[in-house]
Amino acid sequence: HRRDDTLAACSAFSHILSLAKMSDSVVVKTRKFMKNPLLSRRQMIVDIIHPGRANVAKSELQGVIGGMYKADAKHVVLFGFKTKFGGGKSTGFCVIYDNEDALMKFEPKHRLVRLGVTERKEKSRKAIKEAKNKGKKIRGTGASIAKHKAKRAAQND
């Protein structure tokens, strides 16, 4: 009698697993769509319903959204995704640029690195601090003085 209960429980569990495998399909919805001609892009909020999956890869979503809006997947930038408590739904932001030039001009460097468009500049902490302090010395009226000194040094050489 007890053995029959465990068998029934096991078969019920395998049924749940098969449902989870079937529900790997992902629903992508967009809202708050907006054309931004000044930045030559289209932007929107993306809702992804993904029951049975932890998350959906951005590379996978790039192709789907690119197809939805008849755009090249390389021009689709996805960021700021948050998964709702309990899983099954994620929300993030999407930007589709009209061309490669606009993407390179307006997109922040760190997101270009994530896309694989550019390489990350390796800089040590000390080099960053030295550059910052050097910049502090030649701000405002000091900048014109620094330019004057540089010009004089060039003339003397």
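The values are calculated or read from the model by the stated rules, or taken from the named source; none is laboratory data. Here the structure is a predicted model, which means the values were calculated and not measured. No Cβ is skipped: glycine too gets one built from the backbone with ideal geometry, and neighbour counts run over all protein chains shown. Accessible surface areas use protein heavy atoms only, side chains included; no ligands, DNA or RNA. Shrake-Rupley method; radii C 1.70, N 1.55, O 1.52, S 1.80 Å.
Residue pairs whose Cβ atoms lie under 7 Å apart, separated by 6 or more positions or on different chains, with the first residue in segment 62-91 and under 13 Å from residue 47 (Cα atoms) and the second part of a helix (DSSP H, G or I) and open to solvent by less than 50 Å² (accessible area, probe 1.4 Å), are 78/61; 78/62; 79/111.
Test residue 113 against the stated conditions and say whether it is without any contact (Cβ under 8 Å) to a residue 60 or more places away in the chain, part of a helix (DSSP H, G or I) and touching a Lys or Arg at 6+ places or on another chain (Cβ under 7 Å). So residue 113 passes the test.
Scanning segment 109-128 for residues that are open to solvent by less than 100 Å² (accessible area, probe 1.4 Å) and over 21 Å from the mean Cα position of the chain (by Cα) yields 124, 127, 128.
Results for (1) over 17 Å from the mean Cα position of the chain (by Cα); (2) of a type in the set (Val, Ile, Thr), shown as yes or no for each residue.
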{"position": "42", "(1), (2)": "no, no"}
{"position": "49", "(1), (2)": "yes, yes"}
{"position": "59", "(1), (2)": "no, no"}
{"position": "62", "(1), (2)": "no, no"}
{"position": "67", "(1), (2)": "yes, no"}
{"position": "74", "(1), (2)": "no, no"}
{"position": "83", "(1), (2)": "no, yes"}
